[in-house]
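First the structure, in the form of structure tokens, and then the observations on it.
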Amino acid sequence: MTRLIGQLEEERRKLNELGEKSLEQGIPLFKNEAVQAQSRKVDELIVHLHHKKTGREHQLR
């Protein structure tokens, strides 16, 4: 799970960089496809991490 958390942190960093560049160029975040794609990637990792945590909690009970 540590690898997954590290991957999530890295993808969030990339999302923040893309967002900052987009705003510097005057492009709204919702119109920037690269930002939207990266945001979906982060969302997928969050869901995956949540499922892993939830699965472990159920196994311990």
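Relative to the longest principal axis of the Cα atoms of the chain, the long axis of helix 2-24 makes an angle of roughly 20 degrees. The charge dipole of the chain, taken about its Cα centre with unit charges on the Cβ atoms of Lys, Arg (+1), Asp and Glu (-1) only, comes to about 340 debye. On full extension, the segment bounded by Ala34 and Leu49 gains 3.1 nm, given 0.36 nm per residue less the C-alpha separation. With the convex hull constructed from alpha-carbon coordinates only, the chain shows a mean projected area of 4.3 nm² over all directions. Residue ranges 41-50, 24-33 sort as 41-50, 24-33 when ordered by packing (mean number of other C-beta atoms within 10 Å per residue, highest first).
None of the figures in this text is laboratory data; all of them are computed from the coordinates on show. As the structure is a prediction and not an experimental result, all values here were calculated from the model. Reconstructed Cβ throughout: ideal geometry from the backbone, glycine too, with neighbour counts over all protein chains shown.
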